[in-house]
1. Might you let me know whether segment 12-26 holds any residue that is at pLDDT below 90 and aliphatic (A, V, I, L, M)?
2. Where residues in segment 132-186 are over 21 Å from the mean Cα position of the chain (by Cα) and of a type in the set (Phe, Trp, Tyr), which of them is nearest to Leu118 (Cα to Cα)?
3. Mind listing whichever residues of segment 153-182 are small (Gly, Ala, Ser) and in contact (Cβ under 8 Å) with a residue 24 or more places away in the chain?
4. In segment 101-122, what residues are touching a Pro at 6+ places or on another chain (Cβ under 9 Å) and either at negative phi or hydrophobic (A, V, I, L, M, F, W, C) (or both)?
5. For segment 45-77, what are the residues that are in contact with a Phe, Trp or Tyr (Cβ under 8 Å, 6 or more places away or on another chain) and more than 19 Å from Gly109 (Cβ to Cβ)?
6. With Lys82, Lys45, Lys123, Lys54 as the choices, which residue is more than 23 Å from His164 (Cβ to Cβ) and either surrounded by fewer than 14 Cβ atoms within 10 Å (Cβ to Cβ) or in contact (Cβ under 8 Å) with a residue 60 or more places away in the chain (or both)?
7. Filter segment 133-191 down to residues that are part of a helix (DSSP H, G or I), of a type in the set (Lys, Arg) and surrounded by 12 or more Cβ atoms within 10 Å (Cβ to Cβ) and give me whichever is modelled with the lowest pLDDT.
8. Could you please let me know if Ser36 is surrounded by 18 or more Cβ atoms within 10 Å (Cβ to Cβ) and hydroxyl-bearing (Ser, Thr, Tyr)?
Amino acid sequence: MKIPPSTNTPAAAHYSPTLIALHWIMFGLFIAVFASIELRVLFEKGTEPREMMKTIHFIVGLVVLSLALLRIASRVLTPQPKPAPIPGGALVNGLAQLAHIALYVVMIGMPLLGWLSLSAAGKPIPFLGFELPALIAPDKAFSKQIKDLHETMGVVSYWLIGLHIAAALGHHWILKDKLIERMSLRHLHRS
């Protein structure tokens, strides 16, 4: 069965250059945050390279949090293209909106859980040459629970990001509705 191209062609409507830049910068940061935590296993526990990978993970995660807040502010303060209707009706469109909300929960929740976990473990929270204050008092048992939740959300994040990429590519190659153009780097130089 061949799916006809969508009649919705939002090629003229695109996100602001600020949001486009933030989207692609955060894409790179997500690669760095996931790579640093996954690659740490190449090094023995307690070694300097392993600790460096964890520090990179913490710092990049906090940069993601900072940029996510900036991204939300930019979305609120600048005009946005209307959400494109997706073939499949209200349920599919609602699920698409829910997936976007879930991505924002990840961008804010994951770094906060990491910060809370380190705080509860009584460990320092490094950030760009500074040590951030603990958010809560040390509590080893609670730290373990937060860490487990953080790791579970990490797995969910892989799936959400994969779904986001698959949806964008589906719009481009299957629906051919030019939705992907709204976040194109070509719009960075335009106002």
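1. There is at least one residue in segment 12-26 that is at pLDDT below 90 and aliphatic (A, V, I, L, M).
2. Result: Phe142.
3. Gly154, Ser157, Ala167
4. Within segment 101-122, Leu118, Ser119, Ala120, Ala121 meet the criteria.
5. Pro49, Arg50, Met53, listed by residue number.
6. On the way: Lys82 fails: more than 23 Å from His164 (Cβ to Cβ); Lys123 fails: either surrounded by fewer than 14 Cβ atoms within 10 Å (Cβ to Cβ) or in contact (Cβ under 8 Å) with a residue 60 or more places away in the chain (or both); Lys54 fails: either surrounded by fewer than 14 Cβ atoms within 10 Å (Cβ to Cβ) or in contact (Cβ under 8 Å) with a residue 60 or more places away in the chain (or both).
Result: Lys45 is the single residue among Lys82, Lys45, Lys123, Lys54 that is more than 23 Å from His164 (Cβ to Cβ) and either surrounded by fewer than 14 Cβ atoms within 10 Å (Cβ to Cβ) or in contact (Cβ under 8 Å) with a residue 60 or more places away in the chain (or both).
7. Only one residue tops the list, namely Arg182.
8. Judged against the criteria, Ser36 is a match.
The values are calculated or read from the model by the stated rules, or taken from the named source; none is laboratory data. What you see is a predicted model; the values in this text were computed from it and never measured. Methodologically, a virtual Cβ is constructed for each residue, glycine included, from the backbone with ideal geometry; neighbour enumeration extends over all protein chains shown.
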